[in-house]
1. Under 7 Å between Cβ atoms, which residue pairs at least 6 apart in sequence (or on different chains) link something in segment 181-193 that is among the hydroxyl-bearing types (Ser, Thr, Tyr) with a partner that is crowded, with 16+ Cβ neighbours inside 10 Å and assigned to a strand (DSSP E or B)?
2. Which one of the conditions (1) open to solvent by 80 Å² or more (accessible area, probe 1.4 Å); (2) farther than 16 Å from Ala214 by Cα; (3) charged (D, E, K, R) does Arg114 fail to meet, given that it meets all the rest?
3. Just give me the residues in segment 141-167 being farther than 11 Å from Tyr66 by Cα, modelled with pLDDT of 70 or more and crowded, with 19+ Cβ neighbours inside 10 Å, in sequence order.
4. Please work out which one of (1) of a type outside the set (Val, Ile, Thr); (2) over 15 Å from Arg114 (Cβ atoms); (3) assigned to a strand (DSSP E or B) is the condition Leu222 fails and give its number.
5. Which condition from (1) outside any loop (DSSP other than H, G, I, E, B); (2) more than 22 Å from Ile15 (Cα to Cα) is the one that Pro195 breaks?
6. Any idea which of Val52, Val41 is open to solvent by less than 50 Å² (accessible area, probe 1.4 Å), touching a Phe, Trp or Tyr at 6+ places or on another chain (Cβ under 6 Å) and closer than 18 Å to Val18 by Cβ?
7. For Asp84, work out the one condition from (1) of a type in the set (Asp, Glu); (2) assigned to a helix (DSSP H, G or I); (3) in contact (Cβ under 8 Å) with a residue 40 or more places away in the chain it doesn't fulfil.
Amino acid sequence: MTHEKPDRPAGRRRIGLVLGAGGTLGATWMVGALGAVQERVGRPLGGVDVVVGTSAGSVLAAALRYGMTPEALVEHQRGAESPDMPDLDALERESGRVPALPRLRLGSPRLMARAIRSPHLVHPHVAMSAWAPRGRREHHALRRYLHRLVQTRGAHAHARSSPGSDTRWPERHTWIMAVDYGSGRRVAFGRPGAPSAALPDAVVASCSIPGWYAPKQIDGRLYVDSVALDSPHNYDPFFSRCVELGVAVTDHSTSLGWPERQSTTNYVSNHMGHFAASQHFNCRGIFLGGVVPSFLAASAAARSSSCAAVR
């Protein structure tokens, strides 16, 4: 699908908003930060020049483009009901705390074959996702919410009809990230030259974690969550800016609910112990993800400016 470049006043800064993955917890943290980001930007986030969303971030990208404000999103997180917001309980039930019993078939034999034939063309993490069993869960509630959103609030996004689709896509650049489960290539739905897709289908594809959810079929091809496909282009600008500003990079993770941390008498074991255990896996993920040099550079910059060092 193609979009005309939106008009903007001469001399005004172009602003892009990138919303990453993280599931329910990640979405909660992003919602809490959006208000501060909007205040800093000085413009409604739904009207910035480009919005890019991955997984949980793709849901928030759609909500912002279709007129939902950071304040409304925060109130929704606090329990306020609104017909323009998803039913969090329904989403939680549909997701489940653990994956459903997978189907007795590999995730993507086609991607496996491509990785074997041309390993230099397939990211190792993506190749590994091809071996995961085909997930069973599906995002029915999420798609119903998104379909209702684009049908009832299209005017907020100046939405246009998408070729080959009965739904509409925001006029301003809105890119929803997913991975083609046959080729292993990243796809930015909504970007010029990308495959045509309805916005609800693109978001569902971006949220379809391999092994947990069934891949989303769009125009005969299967797509999954792009969480397994990290790019230095996602990290390097961010870490370069951290080094320039001399700030520490920190992140969060949680493992609350893990069975080995269910003491009935020791609060510290359940909470601080969970945090320590989860950070162990977090650090392993950082090393395996290949972003250690960037973290070290940012950490050195933070120490030189008397900030707390990155753990």
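The values are calculated or read from the model by the stated rules, or taken from the named source; none is laboratory data. Note that the structure is predicted; figures quoted are calculated from it, not measured. Here the Cβ positions follow ideal geometry from the backbone for every residue, glycine too, while neighbour counts run over all protein chains shown. These accessible areas exclude ligands, DNA and RNA; they are computed on the full protein's heavy atoms, side chains included. Shrake-Rupley method; radii C 1.70, N 1.55, O 1.52, S 1.80 Å.
1. Tyr181/Leu222; Tyr181/Tyr223; Tyr181/Val224
2. So the condition that Arg114 fails would be (1).
3. Leu142, Tyr145
4. (2) is the only condition that Leu222 fails.
5. (1)
6. Val52
7. If we test Asp84 against (1) of a type in the set (Asp, Glu); (2) assigned to a helix (DSSP H, G or I); (3) in contact (Cβ under 8 Å) with a residue 40 or more places away in the chain, just (2) comes out false.
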